[in-house]
Structures are given as C-alpha cells and as structure tokens.
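Worksheet: one structure, shown below.
The values are calculated or read from the model by the stated rules, or taken from the named source; none is laboratory data. Since the model is a prediction, treat every value here as computed from it, not as a measurement. Reconstructed Cβ throughout: ideal geometry from the backbone, glycine too, with neighbour counts over all protein chains shown.
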C-alpha cells in the first residue's frame, strides 16, 4: 500500500513527538529546583540559566548599569543562590520576559518553561507550513529535529532527548528563540514582510542564531526590501537601552570577555533546526546567491514564491 502524506498523518507524528517532549519536561522539572553542576560543568554549584534572565530583567528597570554585572548585586534584587548566572543576550529579551517579574523566582522559571512547552504545537504547525512542499521525508525529519531532537548522548533520568532535558531543567530560552525564527520565516512566506521583519528583529536577542537564520529569511520573504527595513527599525527600537552608556559599556565588556563558548546541549535545538531548513532549501539559497551576485540565474521557484 502506497504511503500518502497528509496533514493528518503529520499531526499524528507531531503529537507523538510532543508527547515524548512532555515526558522529558516531567523528568526535568525536579532539576529546576536543584543547585548543582548543571548540564555542562563539574565540581561547581551553579544557579539555573534562568537566573540570568530574571535578575537582568529586574536590573534593567531598577539598576540598568548592572545588567551585565556578574554575580549578586546588593541593590534590592532577588538573591538567587549561590549567585545568578551572567546575562549574555541583548536587552530586547529582557523586555519580552519582564512580565515574569510579577512572579516569585521559582514560579517564574516554571511559567517560562510551560509557556515554551505550549509553543511546541505551534512550532509543529510552522514546520509543516514551511516544509510541506519538500515532501514527507523532509517534513518529518525537520519536525523530529525541531520538536524532539533525539541524540545518541547520555541523558539524565533516561529522557529521550538530552537537549530538551537541559532546555527545561535550566529554564533556557531556546524553544522561544526557535519558535520566533520559524514564525518570522512563515510570515515572510505568507507575504507579510513587515511582521516577518519585526519578529526576526525580536528573535535576534541572541545574534548568533539570527545570523544562521539569515539565508532563510532572505529566501522566504517576497518583499525583501520591506522585510529588511522593518527588521532594522524594530531591532533598533527593541534595543534602545543599549544607548544608556553604563549598560552599553557592560554589554561591550561582556562581549569582549565571553570568548567562544562551547555548544551546550540546548543550543543544538535552534542550531540543528535551522541547519535542517537550510539543507532542504539549499537550491533556493544557491539561486538567491546567484541572482544577488549577478551570476547565471538558476531557474528555480523559491519557497517564498510557491505560495499562491
């Protein structure tokens, strides 16, 4: 019997992946309340990564000169033990998560995880809309990577995905980041360059992944000039705190002192998801580069142009 690729078939597949990820969340939840070495160090007691977001967001509104200061600052902030982790993103992210300051620290971490968990069905729908024209295999593979990312690596409590285990355990932001980048690409594909540019700008709080997603942003947007102009404008507005001198100097000092950090397990979620999309769209990317450089154009219909 010949296999028929339909939206219902994909929905069942995505539901299974999300169910396995919920299982991983349940396994990871107790780790959110522990002070230990975390995912990637040894012989060190560390607060969870979410402590950097929570503390820096409070500082942005109460003591902006200290946003990028390492450790506890005795300025009225909540004291995370043993000390909050260092904040390393752009200020725009702090504005986005600032509503979490209405909750106590541990409740805010749990809420942040739960919000991202609820984004998984939307991510599944975005993957389908972005990749369905490429066929069943490509769609299933990209969904597997984005929604679960099972890897042959040891994982605590026998969870099936070490990347997502530590995403939830550390209160990390990589699901939100991946969702926003996928949403920007989808909006571009649907012919909404303004919104695509704005969402892309907001997703650029960690510029590393915005750079990785840039080739996709360029091929999925129909009106590229408008998308880029709105992305630049939204990026400037969202990061206006950078123009505060003390905050700007803290950001510069952090960038100079951070160096190259290793790819932690949770960073593989957006990295592999975007890489998979680049692979399935490599012909469109080559065609775009050829046209941009004035080389012989490749007679292809890009993903962004295939939607009626």
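Every test in (1) out of contact with any helix residue (DSSP H, G or I) (no Cβ under 8 Å at 6 or more places or on another chain); (2) within 26 Å of residue 19 (Cβ to Cβ); (3) at pLDDT 95 or above; (4) not in a helix (DSSP H, G or I) is passed by residue 152 save one, and that test is (3). Of the residues in segment 206-223, at least one is outside any helix (DSSP H, G or I) and within 20 Å of residue 92 (Cβ to Cβ).
Residue 38 meets each of the listed conditions (1) within 17 Å of residue 121 (Cα to Cα); (2) modelled with pLDDT under 95; (3) in contact with a helix residue (DSSP H, G or I) (Cβ under 9 Å, 6 or more places away or on another chain) apart from (1).
So, in segment 102-113, how many residues would count as being more than 23 Å from residue 26 (Cα to Cα) and either outside any helix (DSSP H, G or I) or touching a helix residue (DSSP H, G or I) at 6+ places or on another chain (Cβ under 6 Å) (or both)?
So the count comes out to 0.
Can you name the residue in segment 99-124 that is free of Cβ contacts under 8 Å to residues at least 12 places away in the same chain and under 18 Å from the mean Cα position of the chain (by Cα) and, of all such residues, is surrounded by the fewest Cβ atoms within 10 Å (Cβ to Cβ)? Of everything passing the filter in segment 99-124, 118 is surrounded by the fewest Cβ atoms within 10 Å (Cβ to Cβ). Taken as a whole, the structure places residue 87 among residues that are more than 16 Å from residue 26 (Cα to Cα) and either crowded, with 24+ Cβ neighbours inside 10 Å or in contact with a strand residue (DSSP E or B) (Cβ under 8 Å, 6 or more places away or on another chain) (or both).
With respect to the conditions (1) surrounded by 14 or more Cβ atoms within 10 Å (Cβ to Cβ); (2) not in a loop (DSSP other than H, G, I, E, B), residue 80 falls short on a single one, namely (2). Return a yes/no flag: does segment 46-54 have any residue that is at negative phi, touching a strand residue (DSSP E or B) at 6+ places or on another chain (Cβ under 9 Å) and in a loop (DSSP other than H, G, I, E, B). So far as segment 46-54 goes, no, none of its residues is at negative phi, touching a strand residue (DSSP E or B) at 6+ places or on another chain (Cβ under 9 Å) and in a loop (DSSP other than H, G, I, E, B). A count restricted to segment 213-236 and to residues that are under 15 Å from the mean Cα position of the chain (by Cα) and surrounded by fewer than 17 Cβ atoms within 10 Å (Cβ to Cβ) stands at 1. Among the conditions (1) more than 27 Å from residue 110 (Cβ to Cβ); (2) part of a helix (DSSP H, G or I), residue 183 misses just one, which is (1).
Would you mind finding the one in 273, 290 that is surrounded by 13 or more Cβ atoms within 10 Å (Cβ to Cβ), over 25 Å from the mean Cα position of the chain (by Cα) and either assigned to a helix (DSSP H, G or I) or modelled with pLDDT of 90 or more (or both)? From the options 273, 290, the qualifying one is 290.
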